[in-house]
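Colleague: Right, I'll just put the structure down here and ask away after.
Bear in mind these aren't lab numbers, they're just calculated from the coordinates by the rules spelled out. Here the structure is a predicted model, which means the values were calculated and not measured. Note that each Cβ is placed from the backbone with ideal geometry, even for glycine, and that neighbours are counted across all protein chains shown.
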Amino acid sequence: MGDSSIWIEKFRPKSFKEVIGQDNIVNRIKAFVEQKNLPHLLFSGPAGVGKTSLILTAARELYGDSWRNNIMETNASDSRGIDTVRKEVKDFARTRAIGDVPFKICILDEADALTREAQQALRRTMEQYSSICRFCLITNWSSKIIDPIQSRCTIFRFKPLDKESVNQIVDNIVKEEKLKLDDKTREALFYVSNGDVRRLENVMQSCSTLSKNINEELVYEIVSSAKPKEIKEVLDLAVNGNFVSAKEKLLDVMLKHGLSGLDIIKQIQGEIWGLELEDERKIELVDKCGEVEFRMIEGSDEFVQLESLIANFMKK
Ligand SMILES: Nc1ncnc2c1ncn2[C@@H]1O[C@H](COP(=O)(O)OP(=O)(O)OP(=O)(O)O)[C@@H](O)[C@H]1O
Ligand SMILES: [Mg+2]
């Protein structure tokens, strides 16, 4: 494959064993596929953890080379409305599946974008065609799917990938792309990706266009995020009563990485648990972060808000 390929597609899993870190879910889906039977599915979970990849892999395994002809992918969030979706499903489900599997698969991405009324309509469609078409609904929040649909589906909750799984993916890419990186850089990649593999692969690809030798600095530069260590320094200063130094250091970090108040507040919140404080104080501070973030979103001056937050870290 040429250099122009996008890594998230280049490294999209093509078999069950390439879907990393979701072993439980993968094994259950694999069992369904082996029996050539599939219930209606509801995949929920955060971005970039393998939801789309897994259903496409299942289709590959079920239908072999003709998999593309036996699936329909549609995005529930675009404006065409449920009627169009239903018509498409109807047209799609009318012709029989190719091969020895008696049903086709209709993948409905971003299903949480459907209104309740649309979901009611979909519920009828699911029933009507269930013998010849299985639905796979994908959503970030399963709570946004109405109960009658949830009860018709087998629900799979995907989680962000843990460190070990992220490292496994990093190692594979390092090998394939002939990159060089050390353990500190691995830490940084895990930190900035937060278990989202799409983000991980995009960051790695951006870094690699600058250098095959990827280091920690480059990773934080690419995602314009501060190093956890830098944020911790700010917070330690504040906790130890050095308000002025904490404030200066914070401004420094923000300017250096081009961060907004909202960017930095998320990082601050993430570092609170690592501070040497009573748990109760930590909870208060996490709460305060939430309040400050809300004020910023509402348009309050970010520096005023950040300073007031830092002042809170100084309270005994
Ligand atoms: N568990 C995983 N194992 C290996 N690669 C993964 C995994 N999850 C994601 N990826 C990589 O990230 C890319 C995006 O993943 P995918 O489209 O499956 O995410 P998703 O869970 O459907 O996210 P979204 O909710 O944003 O649609 C894949 O093409 C693949 O390269
Ligand atoms: Mg997806």
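Colleague: Can you give me the long-range amide H partners of L41? Hydrogens built in the peptide plane at 1.01 Å from N, cutoff under 5 Å, separation of 5 or more residues or another chain.
Modeller: F135, C136, L137, T154
Colleague: Which trypsin sites (Lys or Arg not before Pro) from region 10-109 combine a DSSP loop assignment with at most 16 other Cβ atoms within 10 Å?
Modeller: K14, K36, R80, R96
Colleague: Got a sec? Charge dipole of the chain, +1 on Cβ for Lys and Arg, -1 for Asp and Glu; which of S308, L114, V85 is way out at the positive end?
Modeller: V85
Colleague: In whole Hz, what ³J(HN,Hα) sequence does region 209-219 give by Karplus (6.51, -1.76, 1.60; θ = phi - 60°), x for Gly and Pro?
Modeller: 3J(HN,Hα) across region 209-219, in whole Hz: 6, 8, 6, 6, 9, 8, 10, 3, 4, 4, 4.
Colleague: Work out the length of the dipole vector of region 245-285 about its Cα centre, built from +1 on the beta-carbon of each Lys and Arg and -1 on the beta-carbon of each Asp and Glu, and round it to the nearest 20 debye.
Modeller: Charge dipole, region 245-285, about its Cα centre: 260 debye, nearest 20.
Colleague: Kindly rank 130-137, 239-246 from highest to lowest mean number of other beta carbons found within 10 Å of each residue.
Modeller: Averaged packing, sorted descending, gives the order 130-137, 239-246.
Colleague: Counting only helical runs of four or more DSSP H residues, what would the 222 nm mean residue ellipticity of the chain come to if each run contributes -39,500 (n - 2.57) and the total is spread over all its residues?
Modeller: Result for the chain, helices only: -17500 deg cm²/dmol.
Colleague: Once you charge only the Cβ atoms, +1 for Lys and Arg and -1 for Asp and Glu, what is the size of the charge dipole of the chain about its Cα centre, to the nearest 20 debye?
Modeller: Computed charge dipole of the chain: roughly 1520 debye.
Colleague: For region 182-233, what is the relative contact order in percent, using Cα pairs closer than 8 Å and at least 6 residues apart in sequence?
Modeller: 38
Colleague: To continue, here is another question. At a Cα cut-off below 23 Å, give the lysines reachable from K51, other chains included and same-chain residues fewer than 8 away excluded.
Modeller: K10, K14, K17, K30, K36, K104, K144, K159, K163
Colleague: Still on this structure, I have one more. Please state, rounded to one decimal and in Å, the Kirkwood hydrodynamic radius that region 206-266 gives when every pair of distinct Cα atoms enters the mean of 1/r.
Modeller: 12.5
Colleague: To the nearest whole percent, what portion of all C-alpha pairs in the chain is separated by more than 27 angstrom?
Modeller: When all Cα pairs of the chain are counted, 56 percent exceed 27 Å.
Colleague: Sum up the charges of everything whose Cβ sits under 12 Å from the Cβ of R124, counting Lys and Arg as +1 and Asp and Glu as -1, but leave R124 out.
Modeller: Taking every Cβ under 12 Å from that of R124, the sum is +2.
Colleague: Show me the three semi-axes of the equivalent ellipsoid for region 22-157, from the C-alpha gyration tensor (sqrt of 5 times each eigenvalue), largest first, rounded to whole Å.
Modeller: 21, 19, 13
Colleague: Turning to a different aspect of this structure: How high is the relative contact order of the chain, in percent, with contacts defined as C-alpha pairs under 8 Å that are six or more residues apart?
Modeller: Relative contact order of the chain: 16 percent.
Colleague: Using a ≥ b ≥ c from the Cα gyration tensor of region 163-222 (square roots of the eigenvalues), is it rounded, prolate or oblate, where a/c under 1.5 gives rounded and otherwise the larger of a/b and b/c decides, a/b for prolate?
Modeller: Taking the square roots of the gyration eigenvalues as a ≥ b ≥ c, region 163-222 is rounded.
Colleague: From the phi of every residue in region 116-125, what ³J(HN,Hα) in whole Hz does the Karplus formula 6.51 cos²θ - 1.76 cosθ + 1.60 yield, where θ is phi - 60° and glycine or proline is x?
Modeller: Values, residue by residue: 4, 4, 4, 5, 4, 5, 5, 4, 5, 4 Hz.
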